Every structure is written in C-alpha cells, then in structure tokens.
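Visitor: Got a structure for you, written out below as structure tokens; questions coming shortly.
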Amino acid sequence: MEKEITSSVQYNLILQNLCNVLEKEVAYYAEFTVVAAAKKDCLVNLQRMKLEKIIQDEERLAFELAEVENARVRAIKSAAVLFSMPEQEINLKDIIWRCPEPYRTKLFDLRKSLIQGIRQLTRINQLNVGLIKQSLEHVKTFLHVLVGVETEKEVYTKYGYNKSTKAIKNFVDHVA
C-alpha cells in the first residue's frame, strides 16, 4: 500500500512539474512577443537607444528561455519514463494522450498556447526582418546618393572581379 501511494505521489509530481515548466515556457514566449512588438515600434520610429535596450532584453530572455526549454526536455523525458515510452518516440503530444485527466486537458491547452505563442513571435520577427531590410535599403540608397554612385549599380562584386562605377558628380563634390 505504501509503495502504491509513493508511486502515485511521484506520478503526480512528474506530471505537475511538466505542467509548471510548460506554463513558464508559455509565459516566456508571451514576454518575448511583447519585446518583439516593442522592437518593431522602435524600428518604425527610428528609436536607436530604446532599440539597444530592447535587444539586451531579448538576449536576457533568450538565455532564460534556453534554461526553461532544457527543463522542458528533462520533464518530458521523466514523463516518458513514467509511461515506459521508448526514447525515440518521446514527444509532448504522445505523452499528453497517455496522461489521465485533469493533466491531459491542462497539458493539451498548454501545448496549444505554446504553439500559438511561437507562431505569433515568428510573425512579428519576420516583420522585423522586413523592416530591417527596408532600413538597410534606405541607408544604401542614401550612401549611393552621397558618394555619387547610381543606385541600380552595385558597389561590391564577387572577390576577384573589378567593377568600375560610372563617374558622376556626387554630393561630397558639391559641398567641397
């Protein structure tokens, strides 16, 4: 009887730990999404100093999230051992289907929230990449105007190739 109670307590501890770790991970992705949205606003409004602070926040979050993700992997492995699952078959979805209620519903909801958080963060990050590329194109165009290179011509080429740019008047020549 005592062994059965100990086994039941251990069973609940393992599944509750998995729930707790997933809740932390969902919270980190939500925070990451807020930071990524703030980054987007900084890119749009050209707020360099604020952007630097946000990048530091992102780096801190990434470091902390890596620790939580490692904890998730350990929790999933513990649950897999609990259900006598072979290591090559370990994934959260299969573990969820083997869990009894109320853990099954809770873990299913956490998995769904985690997937949604990752997708939302991915969308915002893709938008940020587009904004950064657009900003770099503006800088490139400005520099081309400044040094007098036609914007459709490339300044750099593959290593070993010489490419001369058409000599035209540039902004520096006009000012000097």
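Visitor: Pick from the range 44-76 the residues that are assigned to a helix (DSSP H, G or I) and of a type in the set (S, T, N, Q): which of them is farthest from Val34 (Cα to Cα)?
Guide: Asn70
Visitor: Working only within the range 38-50, note down all residues that are more than 17 Å from Leu121 (Cα to Cα) and in contact with a Leu (Cβ under 9 Å, 6 or more places away or on another chain).
Guide: Once the filter is applied, which keeps residues that are more than 17 Å from Leu121 (Cα to Cα) and in contact with a Leu (Cβ under 9 Å, 6 or more places away or on another chain), the range 38-50 yields only Val44.
Visitor: Further, regarding this structure: Taking the range 77-91, which residues are assigned to a helix (DSSP H, G or I) and without any contact (Cβ under 8 Å) to a residue 24 or more places away in the chain?
Guide: Matches in the range 77-91: Lys77, Ala80, Val81, Glu87, Gln88, Glu89.
Visitor: What are the residues in the range 130-155 that are exposed (fewer than 12 other Cβ atoms within 10 Å of the Cβ), modelled with pLDDT of 80 or more and touching a Lys or Arg at 6+ places or on another chain (Cβ under 8 Å), if any?
Guide: Matches in the range 130-155: none.
Visitor: Give me the residue from the range 24-43 that is touching a residue at least 60 places away in the same chain (Cβ under 8 Å) and more than 26 Å from Ile95 (Cβ to Cβ) and, out of that set, surrounded by the most Cβ atoms within 10 Å (Cβ to Cβ).
Guide: Lys39
Visitor: Are any residues in the range 11-20 of a type in the set (A, V, I, L, M, F, W, C) and surrounded by fewer than 20 Cβ atoms within 10 Å (Cβ to Cβ), and if so, which ones?
Guide: Leu13, Ile14, Cys19
Visitor: Determine whether the range 44-57 contains at least one residue that is more than 17 Å from Asn128 (Cα to Cα), polar (S, T, N, Q) and surrounded by fewer than 14 Cβ atoms within 10 Å (Cβ to Cβ).
Guide: no
Visitor: Residue check, Lys106 against (1) within 24 Å of Asn17 (Cα to Cα); (2) basic (Lys, Arg); (3) surrounded by fewer than 16 Cβ atoms within 10 Å (Cβ to Cβ), all met but one. Which one?
Guide: (3)
Visitor: Do any residues in the range 105-132 that are among the hydroxyl-bearing types (Ser, Thr, Tyr) have Cβ atoms under 8 Å from those of residues that are at pLDDT 95 or above, where the two are at least six apart or on different chains, and which pairs are they?
Guide: Hits for this filter: Ser113/Val26.
Visitor: What do you reckon, is Arg111 over 18 Å from Glu25 (Cβ atoms), among the charged types (D, E, K, R), surrounded by 12 or more Cβ atoms within 10 Å (Cβ to Cβ) and at pLDDT 90 or above?
Guide: The answer is no for Arg111.
The values are calculated or read from the model by the stated rules, or taken from the named source; none is laboratory data. Since this is a predicted model, take the numbers as computed values, not measurements. Cβ sites come from the backbone with ideal geometry, for glycine too, and all protein chains shown count toward neighbours.
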